[in-house]
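Colleague: Can you keep this structure in mind? I'll have questions shortly.
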Amino acid sequence: MKMTLAIAFIGGGNMAQAMGRGIVTAKGSGETIYVMDRNPETLEKWQGWGATTGLAPSATLSECKVWILAVKPQNLKEVCESIKPYLKADTLIISVAAGISMASMQQWLGHERIIRTMPNTPALVGMGMTGMFASSVVSGEDIALAEETLSYMGGVVKVDQESLIDAVTALSGSGPAYIYLFIESLIAGATKMGLTEEQAKQMAVATVAGAAKMVETTGETPAKLRENVSSKGGTTLAALGVFYERGLPKIVEDAMVAAARRAGELSKELG
Ligand SMILES: NC(=O)C1=CN([C@@H]2O[C@H](COP(=O)(O)OP(=O)(O)OC[C@H]3O[C@@H](n4cnc5c(N)ncnc54)[C@H](O)[C@@H]3O)[C@@H](O)[C@H]2O)C=CC1
Ligand SMILES: O=C(O)[C@@H]1CCC=N1
């Protein structure tokens with residue numbers, strides 16, 4: 001027997017699939033999920049997970065208590081207008097869109113029960129991180145429901161000001177891409193020194209994962225752990241010297257400021 005639908009993804013692309021995969025893994029199937037996406041190819045993956053799918057808004061949306069808005073910020077206004085007729089008073093909206101304000105979504109949807117979040121794609125492997133901000137009208141019960149839904153994808157951190165979602169975007173939302181660039185750079189450097197691509201990838205990935213796990217489990221600060229690797233007159237300090245000389249900490253800070261600024265621009269351009 002088909003299970004009752006619980007969650008609707010509005011837009012079933014990269015981010016939605018990463019989030020959906022977390023739910024499918026936790027629940028054993030996608031049977032409680034409904035996905036609305038105008039691209040039939042995008043829906044094929046969801047169908048393989050057992051989800052119900054649709055190419056356009058329909059009454060099926062009304063069967064779902066939680067709607068996750070996961071289209072590009074540029075498409076959000078038109079999509080909100082198209083799904084609005086199927087909203088019920090108790091529908092809980094969770095937006096993952098970068099840079100689109102709560103006020104705009106409340107206006108486009110004529111609905112106040114909205115939670116703004118910023119997840120990231122490691123949700124696909126259950127290691128996501130989501131920052132969330134709830135409007136003042138959202139009940140404790142709905143916040144708990146949103147936290148439960150998001151916890152299938154990894155960690156959840158609540159922030160108490162909407163503007164902080166842009167900082168979350170600059171850190172964990174866009175952050176996986178920064179780490180991928182760093183891994184790409186490590187692999188490129190190692191292959192130039194003679195390691196094979198496969199060897200370099202294995203070592204780079206283990207180094208990033210191992211270092212992150214050390215920060216998570218030892219209780220030491222990242223600075224102390226860095227010092228522990230850095231022998232006096234040794235190889236690590238030779239490398240770190242280049243990072244400092246070229247201003248890596250400032251480069252990272254500037255990059256994050258650019259990401260947060262872009263979120264602010266999206267908000268001005270799109271709502
Ligand atoms: N990709 C990432 O790492 C992250 C993305 N986000 C946010 O997630 C949202 C989605 O981003 P992605 O998944 O990367 O984009 P995507 O392009 O992979 O997915 C968007 C989906 O929306 C569908 N769509 C667009 N207009 C539609 C309409 N009118 N009706 C039905 N379906 C429609 C598209 O067919 C597409 O499958 C964005 O708002 C982004 O800011 C948030 C955190 C991380
Ligand atoms: O690049 C973007 O705009 C989205 C938001 C965070 C990650 N990807």
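Colleague: Name every residue in region 155-172 that is more than 12 Å from A259 (Cβ to Cβ), without any contact (Cβ under 8 Å) to a residue 60 or more places away in the chain and touching a strand residue (DSSP E or B) at 6+ places or on another chain (Cβ under 6 Å), in order of residue number.
Modeller: Listed by number, the residues that qualify are G155, V156, V157, K158, V159.
Colleague: Kindly indicate whether any position in region 3-12 is modelled with pLDDT under 95 and farther than 16 Å from T149 by Cα.
Modeller: Within region 3-12, one or more residues are modelled with pLDDT under 95 and farther than 16 Å from T149 by Cα.
Colleague: Which of the residues belonging to region 123-149 are closer than 16 Å to A70 by Cβ, within 10 Å of the chain's Cα centre (by Cα) and not polar (S, T, N, Q)?
Modeller: Those that are closer than 16 Å to A70 by Cβ, within 10 Å of the chain's Cα centre (by Cα) and not polar (S, T, N, Q): A123, L124, G128, G131.
Colleague: Give region 65-75 a look and list any residue that's touching a helix residue (DSSP H, G or I) at 6+ places or on another chain (Cβ under 7 Å) and assigned to a helix (DSSP H, G or I), or say none.
Modeller: P73, Q74
Colleague: Scan region 95-108 and give yes if some residue there is among the aromatic types (F, W, Y), over 27 Å from A263 (Cβ atoms) and at pLDDT 95 or above, otherwise no.
Modeller: No: zero hits.
Colleague: Given the condition farther than 30 Å from A98 by Cα and of a type in the set (F, W, Y), answer yes or no: does some residue in region 231-249 qualify?
Modeller: yes
Colleague: From the residues in region 34-64 that are in a strand (DSSP E or B) and free of Cβ contacts under 8 Å to residues at least 40 places away in the same chain, which one is farthest from I23 (Cα to Cα)?
Modeller: This residue is G54.
Colleague: Moving on. Tally the residues that are more than 9 Å from ligand 1 (Cβ to nearest atom) and surrounded by fewer than 19 Cβ atoms within 10 Å (Cβ to Cβ), restricting the search to region 6-31.
Modeller: Selection size over region 6-31: 7.
Colleague: Can you say whether E81 is free of Cβ contacts under 8 Å to residues at least 24 places away in the same chain, at negative phi and outside any loop (DSSP other than H, G, I, E, B), as far as the supplied structure shows?
Modeller: Criteria not met by E81.
Colleague: When you scan region 10-33, how many residues do you find that are polar (S, T, N, Q) and in a helix (DSSP H, G or I)?
Modeller: Within region 10-33, residues that are polar (S, T, N, Q) and in a helix (DSSP H, G or I) number 3.
Colleague: Sticking with this structure for a sec: If we only count strands (runs of 3 or more DSSP E) wholly inside region 88-184, which ones have 3 or more residues that are within 26 Å of V208 (Cβ to Cβ) and more than 13 Å from ligand 2 (Cβ to nearest atom)?
Modeller: It comes to 154-158.
The values are calculated or read from the model by the stated rules, or taken from the named source; none is laboratory data. Model, not experiment: these values are computed from the prediction. Positions of Cβ are backbone-derived with ideal geometry, glycine not excepted, and every protein chain shown enters the neighbour counts.
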